[in-house]
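First up is the structure itself, then whatever we jot down about it.
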Amino acid sequence: MEVSEIVAWCREQDVELGRVLILRNVPTDCEDRVVYNELDAVLVIGKCKVLDRRSDKTKKCQFVLTEVAGNISQMSIPAEIGGPEVGPWYTQVVRVAAETPKQSREEEFQTKLISFLQKEGKSLADIPSFVSPAPDLNTKLVDAINSLVQTCHVASSEERVGYRKLRPFSGFIPTPPGEDEYEVWVEQTTHILEEWQCSDNVKKQRLVECLRGPAADIVRFEKTGNPSATFSDYFSVLESAFGTTDDAADLMLKFRSTYQNEGEKLSTYILRLDRMLHSMLRKKGIEYSALNHFRMQQIVRGALSSDLVAMRLRMTHKLCAPPSFNELMKEVREEENMVNSRSLLQPNVAMTAVSSAKKESSANTNRDDSEVEKLKREIRGLKNEVSRLSAAAKEPVTHDCPAMHSLAATAESKTPTRPVNKANVFCYRCGEDGHLKRDCTNEENLRKVNQRLIRMRQSSGNFSGAQ
């Protein structure tokens, strides 16, 4: 465990460095009782206490942080403790002298300097070879180096903070579910790695973590052949294996042959051009400072002549320098929204007029339908009445049969005669008033009988259309 990590661990547990003993290679299932027994058997350090445990990289053993009663710098600590049954365990201490505040500051600087040199693979013996002749380590120089070491220490602490892993990539074709194609993956990964404030070794480690299958094999072969390869070298071999085989000239030709499709928004067309520009940038075909110029030049050449937004860009692109991608996209999207708003306004007005006309026509149609229905009801009433009148008119003209006469005579003989009001009756044979059909001696007049029946029903209110 590095000194800087021990210092941070002691700060978390609020314990002095001079009273700390670190045990390494301790099994994860080892109890505190066993640790106390081993320390008491080999050391004369008095009382001790197990404060915390942390797993090592293998996850099979642990680091055990113990606190002793006295000053650890005044004790004789062996490098290994434990026997064949429970060991060996390795010891690690941080000897800090704290006689005066000045000495404490120098010890802290020495601890940070040693941690920094260990991280870079150097030691204190390598410092004279870097500085020749040896400078006079005055106070300002010590402060400058202390600030540098502090910065590196902070950076190393940030590297240990949890981070979001990169998206996996294997290089299989077709692309497995959950993965992106190489062009999409490399754009995102390159951007993220450039934004991370960490060392090149950490970037390589995080890149290797997300690789699978053939992609991981290719990077491993590169690391074997070139142990000092950087993460940029890893991207180069991945580009050679999975990237496009077109060189910068071929990509430029495709870029010049890319035009806006019918019905495609100008903003979408700009996004397609920008992806091709970044592909050429990775192939070293263009410089970063020329991106805006090439983008605007191709937009003027390849956009549709009927596109209103592109038309305005053609008219104004020579009046000022080519805008950046963000400025151009903002301007184009604002123009597209304004054009869409105007195009949607006219159909809305037309639809409003059409709907008003439809409503008026519907109202007129409803009025006409109500009048037609009323007429239909009256006609049906007239037809029903005519049918009833026709049936009534046919009854008097039926020829009398002897059976009917005999039944009528029998009924009259059995039924007592009632006085007849001759003013309210008429003959169903001749249509005259004052007598009945059985007493009629006049000629038959059916037309007059029908007329009398119609007038009688109209006056009585039986007609369905009467008010």
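Laboratory data are not the source of any read-out in this text; all were calculated from the coordinates shown. What you see is a predicted model; the values in this text were computed from it and never measured. Using ideal geometry, Cβ is built from the backbone for each residue, glycine included, and neighbour counts are taken over all protein chains shown.
When you count the other C-beta atoms within 10 angstrom of each residue and take the mean per peptide, 6-19, 164-177 line up highest first as 6-19, 164-177.
Give the whole-number value, in cubic angstrom per residue, of the convex hull volume spanned by the C-alpha atoms of segment 198-298.
Numbers: hull volume 14.9 nm³, N = 101.
It is 147 Å³ per residue.
Could you tell me which of rounded, prolate or oblate describes segment 170-231, using a ≥ b ≥ c as the square roots of the eigenvalues of the alpha-carbon gyration tensor, with rounded for a/c under 1.5 and, failing that, prolate when a/b is larger than b/c and oblate otherwise? Judged from the Cα gyration tensor, segment 170-231 comes out oblate (a/c at least 1.5, b/c at or above a/b).
In this simple spin-label approximation, Leu281 and Thr58 carry label points 7 Å from Cα along the Cα→Cβ vector, and these lie 4.6 nm apart. Here segment 208-256 is treated as a sphere whose radius is the Kirkwood value from Cα pairs; by Stokes-Einstein at 20 °C and 1.002 mPa s it diffuses with a coefficient of 177 µm²/s. Could you tell me which of the pairs Lys119/Lys284; Lys49/Lys112; Lys122/Lys203 are separated by over 29 angstrom between their Cα atoms in the structure shown? In this structure, Lys119/Lys284 exceed 29 Å between Cα atoms.
In sequence order, segment 18-32 has phi-based couplings of x, 10, 10, 10, 9, 9, 10, 6, 8, x, 5, 8, 7, 7, 4 Hz under the Karplus curve 6.51 cos²θ - 1.76 cosθ + 1.60, θ = phi - 60°, and Gly or Pro positions carry x.
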